[in-house]
Amino acid sequence: MQVIQLSVNGAPLVFDQSPSLVQLLEHLYLIGKRVAVERNGEIVPRSQFPETVLADGDKLEIVVAVGGG
């Protein structure tokens, strides 16, 4: 079994298989929220979330937009 380790906002996360970015967001309960994702130093356009498959060692920064006034 291959183990995939990711770094998300500096914290390690381990998966049994390579998740898609959408699966990662589901795992983090962020589906439906306004998020920006940076993968290995590059912004991932929202339109590419479903087709982006993460790989072992990927470093992600996820920012959640918070509304207010």
* the stretch 20-44: number of residues that are at pLDDT below 95 and in contact with a helix residue (DSSP H, G or I) (Cβ under 7 Å, 6 or more places away or on another chain) -> 1
* Asked: Between a first residue in the stretch 32-55 that is touching a residue at least 24 places away in the same chain (Cβ under 8 Å) and a second residue that is loosely packed, with under 13 Cβ neighbours inside 10 Å and assigned to a helix (DSSP H, G or I), which pairs have beta carbons less than 9 Å apart while being 6 or more apart in sequence or on different chains?
  -> V35/R46; A36/R46; V37/R46
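On the given criteria, is S7 at negative phi and over 10 Å from the mean Cα position of the chain (by Cα)?
Working: at negative phi: yes; over 10 Å from the mean Cα position of the chain (by Cα): no.
Here the answer is no, as S7 does not meet what is asked.
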* Which residues, taken from the stretch 33-52, are loosely packed, with under 12 Cβ neighbours inside 10 Å and among the β-branched types (V, I, T)? -> I43
* Given the conditions (1) at pLDDT 95 or above; (2) surrounded by fewer than 12 Cβ atoms within 10 Å (Cβ to Cβ); (3) not in a strand (DSSP E or B), report the number of the one that G67 does not fulfil. => (1)
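If you take the residues in the stretch 7-57 that are of a type in the set (A, V, I, L, M) and assigned to a helix (DSSP H, G or I), which one is nearest to G68 (Cα to Cα)?
Restricting attention to the stretch 7-57, the residues satisfying the condition of being of a type in the set (A, V, I, L, M) are 8, 11, 13-14, 21-22, 24-25, 28, 30-31, 35-37, 43-44, 53-55.
From the residues that got through so far, the ones that are assigned to a helix (DSSP H, G or I) too are 21-22, 24-25.
On the way: L21: 27, V22: 26, L24: 26, L25: 23 Å.
Top of the filtered list is L25.
The values are calculated or read from the model by the stated rules, or taken from the named source; none is laboratory data. Note that the structure is predicted; figures quoted are calculated from it, not measured. Counting neighbours? That spans all protein chains shown, and the Cβs are built from the backbone with ideal geometry, glycine included.
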